[in-house]
1. Going by accessible area, probe 1.4 Å, with all protein chains left in place, what is the ranking of THR367, THR389, THR430, largest first?
2. What distance in nm separates the two pseudo spin-label positions at LYS396 and VAL156, each 7 Å out from Cα along the beta-carbon direction?
3. Would you please classify the overall shape of the range 545-652 from the alpha carbon gyration tensor, given that a ≥ b ≥ c denote the square roots of the eigenvalues, rounded means a/c under 1.5, and beyond that prolate means a/b larger than b/c while oblate covers the rest?
4. With r defined as the distance between the Cβ atoms of SER570 and CYS529 and R0 fixed at 41 Å, what FRET efficiency is calculated, to the nearest 0.05?
5. Go through LYS207/LYS279; LYS100/LYS274; LYS265/LYS291 and tell me which ones have a Cα-Cα distance over 18 Å in this structure.
6. Packing-wise, with mean Cβ within 10 Å as the measure, how do 126-134, 323-331 rank, highest first?
7. How far apart, in nm, are two points set 7 Å out from the Cα along the Cα-to-Cβ line at GLU640 and at THR188?
8. Quick check on packing: order 639-651, 399-411 by the mean number of other C-beta atoms within 10 Å, highest mean leading.
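The values are calculated or read from the model by the stated rules, or taken from the named source; none is laboratory data. Treat the numbers as computed from the prediction; the structure is a model and nothing was measured. Quick reminder, even Gly has a Cβ in these numbers, built from the backbone with ideal geometry, and neighbours come from all protein chains shown. We work out accessible area using only protein heavy atoms, side chains counted, and drop any ligands, DNA or RNA first. Shrake-Rupley method; radii C 1.70, N 1.55, O 1.52, S 1.80 Å.
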Amino acid sequence: MHDIQKRSNGIEPCLSHFLMNGFHRESNQYSPMGLCQKGDFKSRKTVTANSEQKGDEIKQFDRSREESLGDLEQTDKRSNNMRLTIRKGHLAEIYSGMAKMLSNCWHGVRIESAPGNIRAVGTNINEAIVYEAESPENENGEGTFILPTDPLKEIVNAYGSDTVITFSDEEETIKAEWETKGLTSSLTFQSKDDFPEITIPGGIIFKPLERDRFRTEYLLCAKCTTEERTRFDLDCIVLDGENNKMVATDGRQVYGANGIAFPWKDSCFLPTGKCFPEKLLLSSGTLEAVKTEKVLVFRNRPWTYSVTPKEGSFPPIEKLAIDIGDTELLLNVSETDAEKLIELLPHLPGNKKRCWAITLEARDNLTFHGESSGTESETKGELVLTDTTWIGGPCKSVFSREFFIRALKHGFRSFRFPLEGGPIVSESETGKYIFMPMRVIDEEDPEEEASEDSQKPETVRKPTPAEVRELRIEWSRYEALWLVTEYAQSLGRAKARNSPPIATQIRFQLESVAEHLSDLTDKHDDCPCLEELLPPQDELEWEEIGDFARADGTVVTLVRSEDGFFSIQSEEEVNLTAMDVNGILEPLLSQIWKPSCLALYYNGQRWWIDTEHAITRKGKRAERQLVVGEPRPASNEFIEWEIGIFQRLIKEYGDSLPTPGLANTERRLEKLQTWLNQQAPETLDLLPLCLSLPATA
């Protein structure tokens, strides 16, 4: 953990001291071996400056229409008496899609035309973008020419949106002509003769990627890269086909995504911050990819992008092994507090020169502090979280709010703060995000700092390995019991729309801790195993009531158990979501004005839920809304299990629980004991409601 000093230009918290030392690159230069192989290319600037020198033999990769192997050499394919017809819309799409590439392009765009088709290629030696589309206007024209960037821009910006452009060869120049509502225009420009021939090796097969998932992970990985020069290559994303992972780091933060299937079995480095057209490839359509020995290609018709994978060394991220038992603070952020933090954390006082440093303090409350100071004033602010649960502390941690907000926006809700200022870890089923905390040192009084440095620190006895093991086991047992109580309460919350259930996230944490405990302890140790911690499951038989369509068009079936509990059956499972309550149950209950009790099944358990309609006014309009009460377990066996878990947590770790956590635990325990052996309420049968409505009868 590095220091933040007022006299410095910024903060440099780094993960390097947690990684293996001496892991250096062999060379700071590399030859782009995929798109360009021959020629003396010392750097990209050299390539650009000497691009007009003839005699260089260039090899470059991309996709040809025939997808066949051909020699990659410098040629002049511009034909005499060429006459091509291209619609302006195609040129506008080419100019917009290749905007990044055109700023550092090989002379401009190469236009290849065949009867009924058009192909455009842009390249900057290491990368290439290809656009292919049908062009019915060009029935007989055939030829190839180089369209420089400035003439392309002038044609695209000319008046008329649905204009047809005719290109013809006039000795040493190319003439473009078009007509819009009687207005005739022409443009003459010099066309370059040398441009890399773009072909593709035969026999390769593109395979699909999950576009939405890849887009989400790529955008976050790209934010975790940097172009700073270090002994590692940090300006790329690792695409690990063997372990189905994407990994990126800039030395201050690390992000790794799991469960992404790539159509190759090794790893490669995808450069970022260049010309990767994420909007063209990842916004819609079908994303496909292929990897050869020298190039990496992504395709989403009509666009194809190819790049030379970066060659170098990547930090050994696997060395960031943080023991669960070394945790100082563990917090699970609620959805309500997550939305609040995303909105309000950027507005807490803070100096941006210090990477937006913010302080999290865990004592009687969980509070974020921010402050900024000027020459004559000082501003402070704080934000208290009311719905987030945590264990550990009291402690204080300073870190970048940018990293914390980034994790929240990506769906991370659990944050682990290790002892002694270790990396902060947020983990879920789909990935892991790690970032470094900071330590602030104010140097307003150099003499005071010198006096503090002169004082000898007190000698503290380090614990023995056996003592460390016992401490880790004790924390892991504590965390496991606490997570079980969190899991029990999360089961009563239906899954929110477009987000994983809270119970699923906590179940993942619980499984990780149980696995860690099994590695630390022997069979004779008195430590809970996962099977002992999980609640009993309700096994029910279902009768189909009828089919309903969700808001997203998915068809699901309303089902009822023998004892009168209702749920929704989809292709995957029998489970009820918050979207189903709003989209299916609320319309059914629209004719019921009096309060009622519903018997529902979700998250593997049966629940009784009180509902009633509330009327709210917005100006002169009155709106009726279904209000859902607190879920009550319908199984005495489940209530007894939950009571046992809460009693065990209070008995063994009541003194360690934070004050708000202990109070919530005691309130929940009293409520469970009140519910135990209570008489079953009278519930509402949904079947008559389905038959009474014309839309559902």
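1. Details: THR367 15, THR389 40, THR430 70 Å².
The ranking, largest first, comes out as THR430, THR389, THR367.
2. 5.4 nm
3. On the way: a/c = 2.27, a/b = 1.38, b/c = 1.64.
The shape class here is oblate.
4. It comes out at approximately 0.80.
5. Values: LYS207/LYS279 20 Å; LYS100/LYS274 8 Å; LYS265/LYS291 10 Å.
Check vs 18 Å cut-off fails for LYS207/LYS279.
6. Working: 126-134: 21.9, 323-331: 20.3.
Final packing ranking: 126-134, 323-331.
7. According to this spin-label approximation, the distance is 9.8 nm.
8. Numbers: 639-651: 17.6, 399-411: 19.9.
My ranking of the peptides, most packed first, is 399-411, 639-651.
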